[in-house]
Amino acid sequence: MTSNAPVLAHDDAGRGAPLVLLHGFPHDRALWAPQRSALSRRARVIVPDLRGFGASAALGTPPVTMDGHADDVAALLDALDIERAVIGGLSMGGYIAFAFWRRHRRRVLGLLLADTRAGADSDEGKQKRRDLIAATRAAGARAAADAMMPGMIGKTTRAKRPELDQAMRAMCERAPVPGVIAALEAMIARPDSAPTLATIDVPVQIIVGEEDALTPVKESEAMRAAIRGSRLEVIPRAGHVSNFERPSAFNHIVSEYLNVV
Ligand code: MLT
């Protein structure tokens, strides 16, 4: 149970089944602000900053693999004396959830996979990330924000809730450069999780925004087909950060899911 990993900066609120929510790239735990208090009425909601991001940037060199992030999450559960939890992740957080399943599956009560995909990067995708590493070294996190923002928020939210677009841009721009670079390296290196899907035998809820341009609905449909007994909900008028854009719809789906975990 013990590990040398530092304890991630985190929020911990509510009572009930532990629910860990892992943010995407290049986010921090503020991504889950719309879930923290709403879902804490249904679960013990634990929201960390991944190492390299938010207040966990102070913890030292960020991992350059999804396995490293997964082990950080396991160490956080150890520190909180939690044996098993629902592991939820959005996008890159989902990549970490797959790694957590492979490495620590006996600790998983269920998986919540939001706006993510199972597949690894294509060669072209890897090259784009290498280019983004170079751009981030030269210009800072603004380069990552510029690269990610066009796909981050759905077109309906951009038109109707421009303040959410601005808040998301601010979150991406404040991401620490070492964390951004390490996360890009970890995403390049991540394995294909498609073969993992058939091994998952806990309750799985998949959620995706109808307008998600980064991890489109068809990625979620493929995961739904490959994970036995999993459920998929598509949130209308939401993009890649569906929890942030349409929190009531997202929280309702998660609350229902918590009934079956
Ligand atoms: C994320 O939101 O975490 C990113 O879109 C993941 C990725 O770039 O693959």
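The values are calculated or read from the model by the stated rules, or taken from the named source; none is laboratory data. Because the structure is predicted, anything quoted here is derived from the model rather than measured. Don't worry about glycine lacking a Cβ; one is built from the backbone with ideal geometry, like all the others, and counts go over all protein chains shown. For the accessible areas, the whole protein counts, side chains as well, though only heavy atoms, and no ligand, DNA or RNA atoms are used. Shrake-Rupley method; radii C 1.70, N 1.55, O 1.52, S 1.80 Å.
Data table
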read-out: Accessible-area value, residue 256, 1.4 Å probe, nucleic acids and ligands omitted, Å²; value: 90 Å²
read-out: Ranked order, 116, 61, 156, 199 - accessible area, probe 1.4 Å, largest first; value: 61, 199, 156, 116
read-out: Euclidean distance between Cα centres, the stretch 199-213 to the stretch 6-20, Å; value: 21 Å
read-out: Gain upon complete extension [residue 79, residue 142; 0.36 nm per residue less C-alpha separation]; value: 19.3 nm
read-out: Exposure of residue 217 as accessible area (Å², to 10), given a probe of 1.4 Å and all protein chains; value: 30 Å²
read-out: The stretch 1-88: antiparallel DSSP beta bridges as a percent of all, rounded to 5; value: 40 percent
read-out: Residue of 81, 72, 121 that the Gaussian network model of the chain assigns the largest fluctuation, springs spanning Cα pairs under 10 Å; value: 81
read-out: Long-range amide H partners of residue 5 with built H, under 5 Å; value: none
read-out: Where Rh is the Kirkwood radius over Cα pairs, Rg/Rh for the stretch 132-259; value: 1.01
read-out: Net +/- balance of residues flanking residue 176 in space, Cβ distance below 15 Å, scoring K and R +1, D and E -1; value: +1
read-out: Distance between the stretch 114-152 and the stretch 29-82 - C-alpha centres, whole angstrom; value: 22 Å
read-out: Beta bridges per DSSP with both ends in the chain, % antiparallel, nearest 5; value: 15 percent
read-out: Pairwise label distance in nanometres, residue 226 with residue 59, each label 7 Å out on the Cα-Cβ vector; value: 2.8 nm
